[in-house]
Amino acid sequence: MQLYQSNPIKIYNSLTGKKEAFKPINEGYIGMYVCGPTVYSNVHLGNVRTFMSFDMVFRYLKHLGYKVRYVRNITDAGHLENDADVGEDKITKKARLEQIEPMEVVQRYTVDFHNILNTLNFLPPSIEPTATGHIIEQIELISKIIENGFAYEINGSVYFDVHKFNETHEYGKLSKRKLEDLIHNTRTLDGQSDKKNPQDFALWKKAEPQHIMRWPSPWSDGFPGWHLECTAMSTKYLGEQFDIHGGGMDLKFPHHECEIAQNEAAKGKSPVNYWMHANMLELNGKRMSKTTGNTINPDELLSGNNTIFSKAYSPSVIRFFNAQSSYRSILDLTDDGLLASEKGFYRLMDAVNLLEDLKESTISSIDVSAWRQKCYDAMNDDFNSPILIAHLFEAAKYINQIKEGSETISSEDLKLLKETINAFVYDVLGLKNTAKIDSGTDKLSGAVDVLIKLRQEARINKNFALSDKIRDELAAVGIQLKDGKDGTTFSVN
Ligand SMILES: [Zn+2]
């Protein structure tokens, strides 16, 4: 018997706007696709929040005993900034700026993306396909859409015919938009004369002579439209219809709307049974944006090298902070919020660390089984992690009371309590037990300061082998040294 058999889950489906009982297409198996990053710059913290929420979903589904195939793509082909953009794509633009190969940009930021996710204790997806590795599949899909009469070629580019599609299908059903309103709200722009209608979107774009990333196709040397890659890769690995498609709220329109249209146009089937959208991350109550400067990189948040926050925050504290809000709520990143999460996280971990020293009694004064079921009920209700955490704090209170002798626990219940806490804290929330290192902060700081001084001496003596060894071995136990203009500081991960 698998856990999922006694734990039916409900998922808020963006397509219907309702919380629905989840039923996978094949019992015991789940296919889940999440739109991955575009690797032309450092991964945005807002995207990290989305991926972190789906990492938790993936972890919980696995914990329930489902066999999950989780596909998260890498957008490395470069997509247009908007459909009016006839020139370079973002990856090519960045490459020109930095005088390097586009694939070098892709490699650098893919590595950066993986490093950040590893630091934050993400589970790797089952498959991480790249857009450039699936050009043939995308070309086949375009041919099929043309064949079915829902796309047209003009001057080497191919566009999806939204108006034609809407005659027999419902364009806008995910984002709850009507084509008439879209027409009403679109200004006709110059330079869009290739398209029959401004609402049409590119499936294939003919490459301008200066465009570096290009592939041969029946229509021109060019490159695929961005929306197409997710349709090609999701259905290749999960089937023409699959269980869950996730992504950030901002992708609902046009990206996910176009994915539905492409699949229906090519295969005659709506591809996804449950659409899940993670809400936005704000910074100090405002939208994160590079142009206004209200932004922070994941790296800066983790290292404390920033002017926004009072200190560095460990990966587990960041994960805990994220899980304290529902994935469907806007999350506001603030110093006060992070400090409160940090305090809560260590309070919880201090209790977890007491578990090994608890004295067993003949009977329990608390109902551990009922408490355990409440934890599952919270997660079964559309992955309601803030409620789960409230129950974990309730357990922390019990643990302290048992320790003090005001409550008792039987050996059987203690085993169940440990098992449940370990499952939710480590497997589902993906936290790491760093409480012991961090709670002895003063002594730890003193010890690391000694090592920092020894490392400085080693560097003055040009003994770089030793100075690197000190840095690397500290990193191996989760202590990162950071060299800045005011000397060396450290953070504990
Ligand atoms: Zn996508």
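Between Q107 and Q456, the modelled labels are 3.8 nm apart [label points 7 Å from Cα along Cα→Cβ].
On a 0 to 90 degree scale, rounded to 10, what angle separates helix 411-422 from the longest Cα axis of the chain? Compared with the principal axis, the helix lies near 40 degrees.
In plain terms, the chain from N118 to K397 could stretch by 97.3 nm, reckoned as 0.36 nm per residue minus the Cα-Cα distance.
The distance from the alpha carbon centre of the range 44-75 to that of the range 110-182 is 20 Å, rounded to a whole number. Summed over qualifying helices (DSSP H, 4 residues or more, each -39500 (n - 2.57)) and divided by its residue number, the chain shows a 222 nm mean residue ellipticity of -14000 deg cm²/dmol. Lys-Lys pairs in the range 440-492 that are eight or more residues apart or on separate chains and whose Cα atoms lie under 17 Å of each other come to 6. For a straight C-alpha distance cut-off of 15 angstrom, the aspartates and glutamates reachable from K374 (same-chain residues fewer than eight places away being disregarded) are D382, E394, E419.
Dividing the convex hull volume of the alpha carbon atoms of the chain by its residue count gives 170 Å³ per residue. Specify whether the C-alpha gyration tensor of the range 170-303 places it in the rounded, prolate or oblate class, a ≥ b ≥ c being the square roots of the eigenvalues: rounded for a/c under 1.5, otherwise prolate if a/b is larger than b/c and oblate if not. Rounded. Is the C-alpha gyration tensor of the range 23-278 telling us rounded, prolate or oblate? Criteria: a/c under 1.5 is rounded; beyond that, a/b larger than b/c is prolate, otherwise oblate. Verdict is oblate for the range 23-278.
Helix 385-404 and the longest principal axis of the Cα set of the chain meet at an angle near 10°.
Here the chain is assigned +1 on the Cβ of each Lys and Arg and -1 on the Cβ of each Asp and Glu. Its dipole about the Cα centre then comes out at about 400 debye. Give the percent of DSSP beta bridges with both residues in the chain that are antiparallel, rounded to the nearest 5. Looking only at bridges with both residues in the chain, the antiparallel portion is about 50 percent.
Spin-label model, S410/A475: points 7 Å from Cα along the beta carbon direction are separated by 5.1 nm. Axis angle, to the nearest 10 degrees, between helix 368-380 and the longest C-alpha principal axis of the chain: 20 degrees. The length gained on full extension between N305 and K23, counted as 0.36 nm times the residue separation minus their Cα-Cα distance, comes to 97.0 nm. Modelled spin-label separation between A447 and N284, with each label point placed 7 Å from Cα along the Cα-to-Cβ direction: 3.6 nm.
No value in this document is a laboratory result; all are computed from the given coordinates. This structure is a prediction, so every number in the text was calculated from the model and none was measured. Every residue, glycine as well, gets a Cβ built from its backbone with ideal geometry; the counts of neighbours run over all protein chains shown.
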